[in-house]
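Below: one structure, written as structure tokens.
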Amino acid sequence: MAWNPETYNQFKSDRFRPFYDLLELVKVKPGMEVIDLGCGTGELTRKLADSLPDSTVLGIDSSEEMLRDSLAFANNRVRFEQRTIEEQVGLDGKYDLVFSNAAVQWVDDHETLFPNIISMLKPGGQLLIQMPDQHHNISNRMLNRLAEKEPFRTALQGWTRTSPVLDIDQYARILFEQRSRVMNVFEKIYPLVLQDSNALFDWVSGTALIPYTEKLDGEIRDEFISEYRRLLQEKFEKPPVFYPFKRIILEATF
């Protein structure tokens, strides 16, 4: 997908809060080898590295646009490479910590993906993953319902984005089946308090809206955006907007 760092970073403080919760769960050891899957602009990857003494951190991301900003955060312990998460799990290399903040929700088939990610860990290594609980977030459900209506259904050729995100009990089962006996698996609400529905639209436009608008052109794209704005305004008519954004946090040692 074509990511826009400026749009994504418009709500930087809100997007950073789950990262810090994830960071608190890191079992810090000196000299760790770490990989950050879906590192984005690299700003949080650098914060992760700075919290881990004498560690080396590799950040990978599929977005050329995002990685352009990562140069400012690289140093002798932090480097960045452009590749997808799927490509990375197929490479050799073992890590003390596999970290991913708000990225794996874009990768399909979590039943297969998670064992592959876990296989990247050294014995005694730690997995830390945070992702939006897309099935339970209202804005995602509204996008899917809109895409199923005409004329958008025809323009999208019946496509809607089916989120690969599983329920938390399914993730706990996968972690257990991969021989983790020490884990934290939970859902947490990160409340967004926004000025109005237009601000909520701006939030969604930096992430969940992108796969839809990429598949539409011209007037039908503008119509889809306009109708989605209207639906948000209808749902969240009274300012300020309170939006209970739900995220899943996974931590496990293997």
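A few remarks follow.
- Among (1) farther than 14 Å from Gln105 by Cβ; (2) among the charged types (D, E, K, R); (3) touching a helix residue (DSSP H, G or I) at 6+ places or on another chain (Cβ under 7 Å) - the single one Glu214 does not satisfy: (3)
The rows are residues; the columns are (1) at positive phi; (2) of a type outside the set (A, V, I, L, M); (3) in contact with a Gly (Cβ under 7 Å, 6 or more places away or on another chain).
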residue: Lys27; (1), (2), (3): no, yes, no
residue: Met32; (1), (2), (3): no, no, no
residue: Pro53; (1), (2), (3): no, yes, no
residue: Glu64; (1), (2), (3): no, yes, no
residue: Ser70; (1), (2), (3): no, yes, yes
residue: Asn76; (1), (2), (3): no, yes, no
residue: Gln82; (1), (2), (3): no, yes, no
residue: Gln88; (1), (2), (3): no, yes, no
residue: Leu91; (1), (2), (3): no, no, no
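- Hey, Ala102 small (Gly, Ala, Ser) and within 22 Å of Tyr190 (Cβ to Cβ) or not: yes
- Sole exception among (1) modelled with pLDDT of 95 or more; (2) closer than 19 Å to Gly124 by Cβ for Ala74, by number: (2)
- Output for region 82-126, where each listed residue is more than 15 Å from the chain's Cα centre (by Cα), among the aliphatic types (A, V, I, L, M) and not in a helix (DSSP H, G or I): Leu91, Leu97, Met120, Leu121
- Residues within region 47-66 that are surrounded by fewer than 20 Cβ atoms within 10 Å (Cβ to Cβ) and in a helix (DSSP H, G or I), tallied: 4
The values are calculated or read from the model by the stated rules, or taken from the named source; none is laboratory data. In this text, all values refer to a predicted model and were calculated from it rather than measured experimentally. No Cβ is skipped: glycine too gets one built from the backbone with ideal geometry, and neighbour counts run over all protein chains shown.
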